[in-house]
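Let me begin by presenting the structure, written as structure tokens, before commenting on it.
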Amino acid sequence: MTKIKVLQVIPKLGYGGAETGCYDIAHFLTEKNCASYIATSGGQLLKFVKKSKVKVYRLPVHSKNPFLIVFNTIILILIILFKGINIVHARSRAPAWSCYLASIITRRKFVTTFHGTYSFNNIYKKFYNSVMLRSKLVIAGSNFIFNHINQNYAGYLKKKSKLRVIFRGINLDYFNERNISSLKQQRLKTEWKISSNKFVILMPGRLTQWKGQEQLIDALNILNEDYNNSNFQAIILGSDQGRTVYKKKLIDLVQRYGLSKKVEFIQHCKEMPLAYSLSNVVVSASIKPEAFGRVSIESQAMGKVIIASDIGGSNETILNKKSGFLYKHSDPRELAKILNTVMELDQDTINAIGNEGRKNVSNKFDVELMCESTLREYKKLIYN
């Protein structure tokens, strides 16, 4: 029987959902008697890759430069031929063109994962995005993305292509409240100046307008002023990634509302489970659809109450009023109302919601399920 040899190609191996998915599958394959390779330009996760099991090639696959796309194509062809790769899996648009060309020339199976909605405001951008639909297998990370592809890219789907939903998965051992060190908790509490008697509201995510940090700050003001509920401390956790103007706007808004002592901006946290463990509730306030909503999954795995806007993947990842709460997107008043409701819940109800959340993730979004489903699709491509 032919041995499955997979080359995954991703711009950078950072801490995002696409990147951790690539990392998880790469190591899973080696446990299933498959050969696993990654081509990437770098990233923080690289140092954790088990190089004795997963071969890593450093290439400028993050670049959209036409000359580098041609260069990457040539190098990928050589890797495919010399290593006997039989599946090339592109996880982003930038390297996908090189993967597509290399797979055609070498006659290998081409796989893509559609991780986002990928904006398209003109025909050229849509054509550029269409490379993600030129594969034998197109993996959508959620039903939301599946529907988005069918509604906007049906004309680009190849007749022999298969469009399949495989939910992203997370490591339930890593995102587990029971595995958190109380000493580390206390250190981070001190570092972040969290008061023991305050209700902690955590909002993770990079600082960008569509993630909805302004919505949360508006909601906190309403909570403070209209509900006379001031017993909270909010942590906005995420890098501005150079968006200094937007971050200043957020800080100015906090100051204008007189919430400077109640809202902390934290740039980064190396251990996200630790950050979640310090919270009482987690908020995802996106004003544009999340392709999947990793924060919703991680917080539920940690047994935390999640409040998220009702667009995109959150509708699939959260069981409304059971494992968390959905609110009308771009409506800070409704967000404030739900925050106030959650703050008034008794501990037994909070625990029940947390248990439902962890059960929900275990049933549908475990990393093992994602890896098994992906390998099953790989096998169909090679053996059927």
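The values are calculated or read from the model by the stated rules, or taken from the named source; none is laboratory data. It should be emphasised that the depicted structure is a prediction, and the values quoted were computed from it without experimental measurement. FYI the Cβ positions are ideal-geometry reconstructions off the backbone, even for glycines, and counts take in every protein chain you see.
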Filter result (under 15 Å from G17 (Cα atoms) and at pLDDT below 95) within region 296-313 = G313
Mind checking which residues of region 1-58 are polar (S, T, N, Q), buried (at least 21 other Cβ atoms within 10 Å of the Cβ) and out of contact with any helix residue (DSSP H, G or I) (no Cβ under 6 Å at 6 or more places or on another chain)?
-> T40
Only listed residue being touching a Gly at 6+ places or on another chain (Cβ under 6 Å), among the hydrophobic types (A, V, I, L, M, F, W, C), buried (at least 17 other Cβ atoms within 10 Å of the Cβ) and in the same structural domain as K270 (by TED's automatic domain parsing), chosen from L202, L207 = L207
Quick check, is S279 in contact with a Lys or Arg (Cβ under 7 Å, 6 or more places away or on another chain), closer than 20 Å to Q215 by Cα and modelled with pLDDT of 95 or more?
-> yes
Can you work out which of the residues in region 306-317 that are free of Cβ contacts under 8 Å to residues at least 40 places away in the same chain and surrounded by 21 or more Cβ atoms within 10 Å (Cβ to Cβ) is nearest to S230 (Cα to Cα)?
-> I307
Check S142, S119 and return the single one that is among the hydroxyl-bearing types (S, T, Y), surrounded by 20 or more Cβ atoms within 10 Å (Cβ to Cβ) and either in the same structural domain as S36 (by TED's automatic domain parsing) or touching a helix residue (DSSP H, G or I) at 6+ places or on another chain (Cβ under 7 Å) (or both).
-> S142
Scan region 334-364 for residues that are under 28 Å from G116 (Cα atoms) and either among the charged types (D, E, K, R) or under 20 Å from the mean Cα position of the chain (by Cα) (or both) and jot them down.
-> E334, E356, G357, R358, K359, N360, V361, S362, N363, K364
Hey, can you tell me all the residues within region 332-348 that are under 20 Å from P289 (Cα atoms) and free of Cβ contacts under 8 Å to residues at least 24 places away in the same chain?
-> E334
What are the residues in region 208-231 that are modelled with pLDDT of 95 or more, in a loop (DSSP other than H, G, I, E, B) and farther than 16 Å from N340 by Cβ, if any?
-> G212
Among K32, K64, K83, which is more than 20 Å from C99 (Cα to Cα), out of contact with any Cys (no Cβ under 6 Å at 6 or more places or on another chain) and not hydrophobic (A, V, I, L, M, F, W, C)?
-> K32
What are the residues in region 70-128 that are touching a Lys or Arg at 6+ places or on another chain (Cβ under 8 Å), among the basic types (K, R) and assigned to a helix (DSSP H, G or I), if any?
-> K83
Of the residues in region 156-195, those that are among the hydrophobic types (A, V, I, L, M, F, W, C) and farther than 23 Å from G313 by Cβ come to I180, L183, L188, W192, I194
